[in-house]
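Below is one structure, written out as structure tokens; the observations come after it.
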Amino acid sequence: MKNHRYFLLTKGRICGIINVVLSIKIIYVGKFKEQFYTEAASEYIKRLGGYCKIEVAEIPEHRLPDKPSEAQIALALEKESAAIKAKIPSGAVTVALCIEGSEMDSRELSVFIMEKTGQGVSKLCFVLGGSFGLHDDVKSSADFKLSMSKMTFPHNLARVMLLEQLYRAFKIAEGGKYHK
């Protein structure tokens, strides 16, 4: 894969150009059920391939009864947590997507990614939980917590939204016309 040129932004101002091969891993809990989500995710993964090395890992969602107890949910999240941690690349800056996280607009996400690469980070890992979110261990061990919105979205839609926002972040850094 060739090196990519991006403008390095500091506090929203261009201060240089970096050449980097960035690896992004996205860890999801659960599988896509609807074909249209799979197709949308595949399209953004293909587009992202021009900007970074992209890898997606799906962790099986622990099966729960229709009306699970708090203890059942906690146990499921704990089991998912162990599987998630095993998939996080060594040395990666980890971003947990959770409601407690900080919200960013698209430009701020672009600046976040470009600043991390400017600091020498070559691996980013984004983690999305299943229907019941992420275990506290995953959230507390993350380098950053990101919230997509105060609204609630189906987690399959959130996956596609994350991929689209990552693509948009690279287009912003590149100065492309995708983001208006």
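No lab work stands behind these numbers, since they all come straight from the coordinates. Since the model is a prediction, treat every value here as computed from it, not as a measurement. We place every Cβ from the backbone using ideal geometry, glycine too, and count neighbours over all the protein chains shown.
Points worth noting:
- For the range 87-133, the mean projected area of the C-alpha convex hull, equal to one quarter of the hull surface, is 4.0 nm².
- Length-normalised contact order of the chain in % [C-alpha pairs under 8 Å, at least 6 apart]: 30 percent
- Exposure proxy ranking for ARG168, ARG159, based on other Cβ atoms within 10 angstrom of each Cβ and starting from the fewest, stands as ARG168, ARG159.
- Among ALA82, ALA40, ALA71, the largest mean-square fluctuation in a Gaussian network model of the chain (Cα springs under 10 Å) belongs to ALA71.
- When each of LYS46/LYS150; LYS46/LYS79; LYS25/LYS67; LYS85/LYS145; LYS31/LYS177 is checked by Cα-Cα distance, pairs over 27 Å: LYS46/LYS150; LYS46/LYS79; LYS25/LYS67; LYS31/LYS177
- Table column - 3J(HN,Hα) (Hz), the range 72-80, Karplus curve with 6.51, -1.76, 1.60, x for Gly and Pro: 5, 5, 4, 5, 4, 5, 5, 5, 5
- In terms of other Cβ atoms within 10 Å, TYR167, TYR37 run from fewest to most in the order TYR37, TYR167.
- Between the range 147-164 and the range 20-42, the Cα center-to-center distance that results, in Å: 12 Å
- Counting all C-alpha pairs of the range 21-180, share separated by more than 27 Å (%): 20 percent
- Value at 222 nm in deg cm²/dmol, rounded to 500, when DSSP H runs of n ≥ 4 in the chain each add -39,500 (n - 2.57): -13000 deg cm²/dmol
- Take the Cβ atoms of ALA71 and LYS31, set R0 to 30 Å, and the FRET efficiency comes out at 0.75.
- Cβ-Cβ FRET estimate between ALA83 and LYS177, R0 fixed at 41 Å, reported to 0.05: 0.55
- Virtual spin-label span in nm between GLU108 and SER141, 7 Å along Cα→Cβ: 2.7 nm
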